[in-house]
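The values are calculated or read from the model by the stated rules, or taken from the named source; none is laboratory data. As the structure is a prediction and not an experimental result, all values here were calculated from the model. Neighbour counts run over all protein chains shown; Cβ positions are idealised from the backbone, glycine included.
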Amino acid sequence: MAADLSGIVITPPTRRAKAAGVYRKIKRLPILPLFVLGLVVVCGVFAPWIAPHDPESGDLRERNIPPAWSNGETKVKVVVERMTISERTTSVTLSDAREVDPNIQLGNNIEVFVRPAGSTKFLLGTDHLGRDVLSRVIYGARISILVSVVTLVVGGSIGVTMGLMAGWYGGIVDEFLMRLVDIKLAIPLILIALVLVITLGQSLWIIVTVLCLFIWPRFARQVRGEVLQLKNMDYVSLAKVSGASTARILFIHIFPGTINTLIVVATLQVGIVILLESTLSFLGAGVPPPTPAWGSMVADGRDKLAGGVWWISTFPGVAIMLTVMSLNWFGDWLRDTLDPRLRQLE
Amino acid sequence: MQKYLVRRFLLALVTLAAVSLIIFILSRVSGDPRHIYLDDYSTQEDWDRMGVVLGLDKPYYQQYGIFLKGALRGDFGESVREGRPVTEVVIERAPATLLLGAVSFSFSILIGVPLGILSAVKRGSLVDGFGKIVALIGQSAPPFWLGIMLMFFFAVKLGMVPPYGKQDWNSIILPAVTLGWYYAAANMRLVRSAMLDVLDSEYIKLARAKGVNSRTIIMKHAFRNALIPPLTFAGVTIGALVTGSLVVETVFAWPGLGRLAIEALFAFDYPLLQGVVITFTLLYVTAAFIVDVLYAYIDPRIRYA
């Protein structure tokens with residue numbers, strides 16, 4: 001029974017409807033995370049041109065300046081001849097007070113800046129050594145990007161190769177490699193990493209090596225699973241029959257089939273690498289100072305919090321959180337787009 | 001089932017052996033331990049005698065054998081820094097870490113599971129949105145930073161809880177929340193997606209059609225089956241809580257094993273460090289094994305595989 005369509009008039013979409021269509025398409029893209037990640041990459045690559053100040057040296061006279069929008073903090077203190085340590089918060093010496101107001105007398109009250117107001121010179125304030133926090137956060141993106149790219153390429157390649165081999169050969173090779181993965185999952189790796197870094201010395205390359213140890217099993221497992229499925233495909237048998245070498249089959253015929261999965265895994269792993277790198281930095285086993293890394297900046301500001309100096313720790317932490325959040329978000333989106341099967345996994 | 005458990009058990013043993021080997025190699029690579037014990041005034045004779053006492057005059061494989069033999073009996077030598085047997089120091093610090101781990105684990109379950117159920121049942125509602133924010137922060141904020149921020153806000157600004165140390169009962173709140181948040185987030189996501197899957201299945205539809213009230217459907221029919229993924233994750237969680245304690249104990253000056261490990265590390269106190277690492281691994285491996293057993297018990301597909 002055919003439906004009666006005679007009454008329906010098809011009109012071309014109006015301009016407004018077209019715009020709505022475009023909007024719907026854009027809405028599906030993860031704009032916010034892409035923006036944040038783009039910003040991080042631009043900051044990392046062009047840090048010397050973007051950063052307003054030198055990230056590694058500062059003027060001690062300009063230390064602990066709060067962010068631009070905060071007001072200075074003043075307090076009324078009593079002018080005294082000499083003061084004991086316990087009176088330091090309530091009184092000020094005559095000679096200091098005279099610098100502000102030459103006519104001041106002993107016993108008078110005077111309003112003193114406990115903390116200067118923020119200035120637009122340092123948008124996010126300065127740290128305990130007078131270094132610009134904003135510049136350090138911008139430069140910090142460099143370390144994070146460098147570490148994650150190198151780790152991903154090296155650790156990812158190792159994991160992929162292991163996974164390909166385990167999946168293809170099966171048997172003892174598979175058993176051995178997968179037990180290696182299990183062991184990795186069962187040891188407190190961050191502790192081993194700390195021991196490694198402290199023993200062998202702090203350097204970028206040792207950190208990267210340690211992080212590679214962290215991430216390869218995830219790749220290996222995923223690729224192995226894919227290979228197990230792909231190796232029974234007809235086109236693989238065909239390649240085998242036509243005399244292709246094992247290496248050729250693995251890298252030309254099977255590997256491309258795993259790429260979608262790999263992209264998703266890689267995106268989600270970058271977040272983990274950034275978190276781990278910053279954790280190592282925070283614990284004092286990261287890239288050696290004074291190179292700005294987000295984790296060590298958080299550590300720098302830790303003991304200043306009690307004095308109300310909150311900005312040194314806060315901003316680098318926000319940078320880590322936003323980056324990792326964007327990566328997870330973007331990774332989830334990629335997963336849903338490229339490989340919906342993976343949704344079951346995590 | 002037995003075969004499966006034996007395999008897991010053997011794996012646990014291999015893991016312990018591997019960790020002990022790594023730790024042993026690292027402690028030897030880092031240089032002669034006599035440099036720590038002896039000062040500039042000691043003679044060559046002292047040096048040699050110390051070598052005999054520590055077993056350094058023997059080849060490496062024998063040294064490892066001696067180390068293993070001691071480790072099996074719970075003897076890791078003496079801590080350089082504390083001048084006491086390592087085992088004594090470790091036992092002294094372990095309860096604090098176990099307490100922190102237990103409270104964090106409970107927190108992650110008590111927050112994560114109900115929130116997961118609610119956001120699956122009331123999908124798209126305010127609760128769901130709230131859950132999403134909790135999950136997003138938990139999975140993205142580095143714990144050390146989260147801890148510092150919580151400390152600044154609740155301890156320094158509001159003065160509601162002590163900022164660090166282990167004094168009153170309320171000093172555990174901030175460390176436990178910091179440590180547990182990530183896992184609460186993970187549990188929430190797992191329970192939510194598992195619940196959504198189950199709620200969509202045929203037998204739930206049948207139950208609804210039969211007129212079973214929705215409370216029974218959610219708690220009896222759906223929730224029980226949605227428990228498997230979070231349970232699997234619990235194994236990882238318990239292990240990772242141990243590692244997470246490294247960071248959180250450092251932030252909050254919590255007197256547990258995590259902080260002990262960091263102290264030993266930066267004091268180059270290798271005997272102590274070896275003891276702590278092995279203890280951590282033991283905790284980790286035991287937790288994973290218990291979960292494996294539980295898992296096999298709950299999911300018959302594994303038992304009979």
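The table for this structure:
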| quantity | calculated |
| --- | --- |
| Any chance A:Ser70 is over 18 Å from A:Phe315 (Cα atoms) and either loosely packed, with under 14 Cβ neighbours inside 10 Å or at pLDDT 70 or above (or both) | no |
| The lone exception for B:Leu179 - which of (1) in contact with a Ser or Thr (Cβ under 7 Å, 6 or more places away or on another chain); (2) more than 26 Å from B:Ala120 (Cα to Cα) it fails | (2) |
| Meets criteria (away from chain A (no Cβ under 14 Å), out of contact with any strand residue (DSSP E or B) (no Cβ under 7 Å at 6 or more places or on another chain), surrounded by fewer than 18 Cβ atoms within 10 Å (Cβ to Cβ) and within 24 Å of B:Thr237 (Cβ to Cβ)) for B:Ala94 | yes |
| Matching helices (runs of 4 or more DSSP H) fully within the stretch A:204-290 where at least 1 residues are within 14 Å of another protein chain (Cβ to nearest Cβ), closer than 26 Å to A:Gly331 by Cα and in contact (Cβ under 8 Å) with a residue 60 or more places away in the chain | A:204-230, A:255-282 |
| Hey, B:Leu99 hydrophobic (A, V, I, L, M, F, W, C), surrounded by fewer than 17 Cβ atoms within 10 Å (Cβ to Cβ), farther than 22 Å from B:Pro255 by Cα and modelled with pLDDT of 85 or more or not | no |
| A:Thr314 in contact (Cβ under 8 Å) with a residue 24 or more places away in the chain, surrounded by fewer than 23 Cβ atoms within 10 Å (Cβ to Cβ) and hydroxyl-bearing (Ser, Thr, Tyr) | no |
| Residue identified as within 18 Å of B:Ile262 (Cα to Cα) and either in contact with a Ser or Thr (Cβ under 7 Å, 6 or more places away or on another chain) or part of a helix (DSSP H, G or I) (or both) among B:Glu92, B:Glu45 | B:Glu92 |
| Residues (in a helix (DSSP H, G or I) and crowded, with 18+ Cβ neighbours inside 10 Å) located in the stretch B:71-86 | B:Ala71, B:Val86 |
| Some residue of the stretch A:157-169 being more than 12 Å from chain B (Cβ to nearest Cβ), closer than 16 Å to A:Val273 by Cα, of a type in the set (Phe, Trp, Tyr) and in contact (Cβ under 8 Å) with a residue 60 or more places away in the chain | no |
